[in-house]
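Shown next, in structure tokens, is the structure this report addresses.
The values are calculated or read from the model by the stated rules, or taken from the named source; none is laboratory data. Computed from a predicted model, the values in this text were never measured in an experiment. All Cβ positions, glycine included, derive from the backbone under ideal geometry; neighbour counts span all protein chains shown.
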Amino acid sequence: MKRKISKKGIVGLSLALFATSFGFAPTNVLALNGGSLTCDTLKSTLRSDSSETGSSIIVLSEDCVANLYVKSGQTITLDTAGHTLSSSSGATITVERGGSLTLNNYSEIGTVSGSTAISNSGTVEIKKGNIIGNIVEVSGSNAETTITGGTFSIDPSSFVPEGYTTEKNGENYVVIASGGEGDDLIDISKITASNDNIRTALATTLRDYVENPDTSSQNGRMLAQLINSIKQGHIISASLVVNDNPELEEEALQKLYSESAGTNLASVHDINFVVTDTAEPNLSVSLTNLTAPVTVSIPIPNQYKAALATRDITIFNLHKDNGAYSTDYIDGATINANGDVAFETSQFSLFALAYDGEPITSSGSAADYEASAVPQTGAYVASASSNNIIAPDTAGFGSDLSVFHLLLIISGLAITGILIGYTARRAYARSRISLK
């Protein structure tokens, strides 16, 4: 017997197809892999009465005040992603017997805070993060707590396994890989890069950090993560990534114009030193500072090479400190044999190229220059063929829709139109009947 589908059934079916095609799914533990959650969704997912089971990677998308529970049968990896998870009373996170929690920040370091940050009756592993408050193993629960990285307000030494050590850092404690002096711990063969300059600079920075660990800054916490990756035998890869068309805040633009006054602002580039754990690809961090410089080259289009060869050029670095932009001028910037602008830097953020004399057009002739004009970003295009600059993949969702999605949208609109018309006709018919 054929089953008649109601109007609600049609709508529900069309919405389900639409959601499934775009990767949306109902919220539950099994469906949250890779999902970025708001505080409300996180609380509804890890609630005290949850009976769901399964494994999931959860990324927090905002600061959150909550009491979360990892229940028996749940295996949760939580990434606070630069946000703060806190509770005013009770344990911020409770892991029940049979539950498993891994705290691991893949990008920005986030915080779990509370008088009791974690109450553990199951299995907890902390790889990265900032923990403020007590970590408690419930008596008689056979709980297992392992800490191989992170910064803590209370000494976590009792949970630190062999091969790792706890260092006092101001008022806090940092857990890092042990294994001897920096030269012994940081094996340069564990670092891959597009050239030896990048690899050596990263190795030097990591070795210096082993000797003087400091997690008071975001950059320091990232270095601690990378050292732990190498300690675990992972290969890490390093590269320079340049965005030659960055979005600039108004304050940054004004600073660029004031610094380039009397010269011509040619281009602006956002240059990042990116390091990725190849065994854990989600762990990809951008370091803002190294202790050794790397050589950066910015390719110049052919139509500008001849003109700039006879000009004085200036490279300056624009970075944000304590909410305000400041600049550092880069000494020794030159145009190399390939016609590229080359310079050394150990700091990574925005870089601007300026030159003296009359403004240069694509033909090399003088042109009027308006000081209020937006910098011509993108004039110097970095390419993957450059020795040490890799063009990022800027493709994003939303630029193109497949034929399937277009048809799905059209069908959804058609169904909606039919239902509206059907409803209106029924209402009209009922009004006619009532008039009779």
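Of all residues in segment 145-182, those satisfying the criterion of being without any contact (Cβ under 8 Å) to a residue 60 or more places away in the chain and surrounded by fewer than 14 Cβ atoms within 10 Å (Cβ to Cβ) are ILE154, ASP155, SER157, SER158, PRO161, GLU162, LYS168, GLY170, GLU171, GLY180, GLU181.
Condition check ((1) at pLDDT 90 or above; (2) part of a loop (DSSP other than H, G, I, E, B)) across all residues:
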{"residue": "ASP183", "(1), (2)": "no, no"}
{"residue": "THR192", "(1), (2)": "yes, no"}
{"residue": "ARG207", "(1), (2)": "no, no"}
{"residue": "ALA224", "(1), (2)": "no, no"}
{"residue": "ASN245", "(1), (2)": "no, yes"}
{"residue": "LEU256", "(1), (2)": "no, no"}
{"residue": "GLY262", "(1), (2)": "no, yes"}
{"residue": "SER267", "(1), (2)": "no, no"}
{"residue": "ASN272", "(1), (2)": "yes, no"}
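Among (1) in a loop (DSSP other than H, G, I, E, B); (2) under 27 Å from GLY149 (Cα atoms), which single condition is ILE300 missing? Result: ILE300 fails condition (2) only.
Looking only at residues in segment 290-325 that are under 26 Å from ASN197 (Cα atoms) and in contact with a Gly (Cβ under 7 Å, 6 or more places away or on another chain), the one that is surrounded by the fewest Cβ atoms within 10 Å (Cβ to Cβ) is LYS305. Within segment 95-117, the set of residues being assigned to a strand (DSSP E or B), under 25 Å from the mean Cα position of the chain (by Cα) and among the hydrophobic types (A, V, I, L, M, F, W, C) comprises LEU101, LEU103, VAL112, ALA117.
Here ASN142 meets the list (1) part of a loop (DSSP other than H, G, I, E, B); (2) within 26 Å of SER217 (Cβ to Cβ) almost entirely, failing just condition (2).
Summed over segment 190-217, residues that are free of Cβ contacts under 8 Å to residues at least 24 places away in the same chain, polar (S, T, N, Q) and either within 17 Å of PHE348 (Cβ to Cβ) or crowded, with 20+ Cβ neighbours inside 10 Å (or both) total 1. At pLDDT 75 or above, surrounded by 17 or more Cβ atoms within 10 Å (Cβ to Cβ) and assigned to a loop (DSSP other than H, G, I, E, B), is that true of ILE76? Against the criterion (at pLDDT 75 or above, surrounded by 17 or more Cβ atoms within 10 Å (Cβ to Cβ) and assigned to a loop (DSSP other than H, G, I, E, B)), ILE76 does not qualify. Whether any residue in segment 354-370 is modelled with pLDDT of 75 or more, surrounded by fewer than 19 Cβ atoms within 10 Å (Cβ to Cβ) and outside any loop (DSSP other than H, G, I, E, B) is what I want to check. There is no residue in segment 354-370 that is modelled with pLDDT of 75 or more, surrounded by fewer than 19 Cβ atoms within 10 Å (Cβ to Cβ) and outside any loop (DSSP other than H, G, I, E, B). The residues listed here are GLY133, GLY98; of these, the one that is of a type in the set (Gly, Ala, Ser) and either farther than 21 Å from CYS64 by Cα or surrounded by fewer than 18 Cβ atoms within 10 Å (Cβ to Cβ) (or both) is GLY98.
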